[in-house]
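The values are calculated or read from the model by the stated rules, or taken from the named source; none is laboratory data. Given the structure is predicted, the values throughout are model-derived calculations rather than measurements. Neighbour counts are summed over all protein chains in view; Cβ atoms, including those assigned to glycine, are modelled from backbone coordinates with ideal geometry.
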Amino acid sequence: MPTRDLHDHPFDEETILKLEIFEDYLKEWLPTFVMSHADDDIWIFDFFAGTGRDLNTVAGSPIRILQQIKGQAGNIFQKRCKVHVCLNEYDTTKFNSLKQCCEHYIGEEKELSRLYNKYLFLQFHNEDFAELFPKCHSTIYAHPALAFLDQNGMKFLADKYLSDLEKLPQTDFLYYLSSSYFIRFGETEAFQTNMKIDMDKVRQNPYKYVHRSILEQLKERLPQGSKLKLYPFTIKKGANIYGIIFGAKHPLAVDKFLRTVWKKNAINGEANFDIDDDKKKGQLELFGEKKPTKIESFQEDLRQKVLNGELRTNKDVFDYTLEQGHIPQHASDKLKEMKKENLIGYDAQTPLVNYNKVYKEKRIVSYKITKQ
């Protein structure tokens, strides 16, 4: 099936958004692991790296990775953390450009030059992803890792790769998906052989929800008891729908990703457009009824679950908030409002709905019902 080569043209707005989300998450991910893995190894895998920059020299994912490593140079030296970057590009011409681009950038940046081959190690691969990924699997399994799978098309979206990623204990991943292709080709033998998606179920929802619908089916196929959490970010480009699938097992990773995407879109944290028409919901409907926005719906559900005793502590609320794809601020705002209305009470100045209080400091507070 035909795919447009992203590197034959300057990056468009949607491609830059995708790269920004990856880089913003990397900016949160990298210092966390550098500071907590002194004298240890961490890995970053970019399996579809491209040329390093576009035709207008806008940085692609490889250069963005190096830029973030440069920003952590002081911490890397202090902690003696070894950062390994695996960059793969199958096309030989692009591979040569990639290698030249990265080596030139390192040579120009003093901090990276000091790190290189001491605490920063680059591996360049010119291989088919299907052959390279199994070779990297043991390394990814053994070390904290971040994997970026930015394929152009659908060839490497397969059940077996999701299954492999699910088994990894310390790996976060961002998987770029050409969701529109499912509508066009999802019932073909080539698609169904690699990934079985119920297209009738997908078509039950409006086209704009195709990425969300596919992700829901992927979630259903996770093993029972799996700790892997999957989240979507839909990217609309003209008539086509693309998107990112983020996966992680650790609540801190999920928290960081959700903060990243809600900064990109404070309306829904899930798309580069108003996917649920929340802006229209701010207007009164017929007979004066107003439909709740995504945030309002979440906050009302949270209110009911706290009042009926389903969510009793800040840990309960924090976990529920992440599960619903929201940031802790949305929950905290509602709990503060409930306390002000004398519906609940808690022995703290704030509701303490954040990762540090819940998981790092293990400070658990209960929300006491004061009035129904």
Just wondering, is there one or more residues in segment 80-90 that are charged (D, E, K, R) and under 24 Å from the mean Cα position of the chain (by Cα)? yes
Out of (1) touching a Cys at 6+ places or on another chain (Cβ under 8 Å); (2) among the acidic types (D, E); (3) more than 27 Å from K135 (Cα to Cα), the odd one out for D54 is which? (1)
Please name all residue pairs, on different chains or six or more residues apart, with Cβ atoms under 8 Å, provided the first residue is in segment 116-143 and is within 18 Å of F95 (Cα to Cα) and the second residue is among the hydroxyl-bearing types (S, T, Y) and in a helix (DSSP H, G or I). N126/T92; F133/Y161
What pairs come out if I take residues in segment 54-71 that are part of a loop (DSSP other than H, G, I, E, B) and pair them with residues that are modelled with pLDDT under 95 and among the aromatic types (F, W, Y) whose C-beta lies under 6 Å away, six or more apart or interchain? D54/F11; V58/F11
Taking segment 54-71 and keeping only residues that are charged (D, E, K, R) and either farther than 18 Å from L112 by Cα or in contact with a Lys or Arg (Cβ under 7 Å, 6 or more places away or on another chain) (or both), one is left with D54
Please work out which residue is modelled with the lowest pLDDT, limiting yourself to segment 123-150 and to residues that are assigned to a strand (DSSP E or B) and buried (at least 19 other Cβ atoms within 10 Å of the Cβ). L149
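Are any residues in segment 231-251 touching a Ser or Thr at 6+ places or on another chain (Cβ under 7 Å), of a type outside the set (V, I, T) and either assigned to a helix (DSSP H, G or I) or crowded, with 17+ Cβ neighbours inside 10 Å (or both), and if so, which ones? Spell out the reasoning first.
Step one: filter segment 231-251 for residues touching a Ser or Thr at 6+ places or on another chain (Cβ under 7 Å), giving 240-243.
Applying the additional criterion that residues be of a type outside the set (V, I, T) yields 240, 242-243.
Residues satisfying the conditions are Y242, G243.
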Residue among V306, V353 that is buried (at least 19 other Cβ atoms within 10 Å of the Cβ) and in contact with a helix residue (DSSP H, G or I) (Cβ under 6 Å, 6 or more places away or on another chain): V353
Selection from segment 38-66 of residues that are out of contact with any strand residue (DSSP E or B) (no Cβ under 9 Å at 6 or more places or on another chain) and either not basic (K, R) or not assigned by TED's automatic domain parsing to the domain that holds I241 (or both): A38, G50, T51, D54, L55, N56, T57, V58
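Okay, residues lined up against (1) part of a strand (DSSP E or B); (2) free of Cβ contacts under 8 Å to residues at least 24 places away in the same chain; (3) out of contact with any Lys or Arg (no Cβ under 9 Å at 6 or more places or on another chain); (4) not assigned by TED's automatic domain parsing to the domain that holds M35:
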{"position": "Q78", "(1), (2), (3), (4)": "no, yes, yes, no"}
{"position": "H84", "(1), (2), (3), (4)": "yes, no, yes, no"}
{"position": "Y90", "(1), (2), (3), (4)": "no, no, yes, no"}
{"position": "F95", "(1), (2), (3), (4)": "no, no, yes, no"}
{"position": "L98", "(1), (2), (3), (4)": "no, no, yes, no"}
{"position": "C101", "(1), (2), (3), (4)": "no, no, no, no"}
{"position": "G107", "(1), (2), (3), (4)": "no, yes, yes, no"}
{"position": "R114", "(1), (2), (3), (4)": "no, no, yes, no"}
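Of the residues that sit in segment 288-339 and are basic (K, R) and modelled with pLDDT under 95, which one is nearest to V353 (Cα to Cα)? Write out each step before concluding.
At the first step, the residues of segment 288-339 found to be basic (K, R) are 290-291, 294, 303, 305, 312, 315, 334, 336, 339.
If we keep only those that are modelled with pLDDT under 95 too, we end up with 290-291.
Values: K290: 29, K291: 27 Å.
Residue satisfying both the conditions and the ranking: K291.
Does T15 satisfy being in a helix (DSSP H, G or I), at pLDDT below 95, among the hydroxyl-bearing types (S, T, Y) and closer than 30 Å to F273 by Cα?
Numbers: in a helix (DSSP H, G or I): yes; at pLDDT below 95: yes; among the hydroxyl-bearing types (S, T, Y): yes; closer than 30 Å to F273 by Cα: yes.
Against the criterion (in a helix (DSSP H, G or I), at pLDDT below 95, among the hydroxyl-bearing types (S, T, Y) and closer than 30 Å to F273 by Cα), T15 qualifies.
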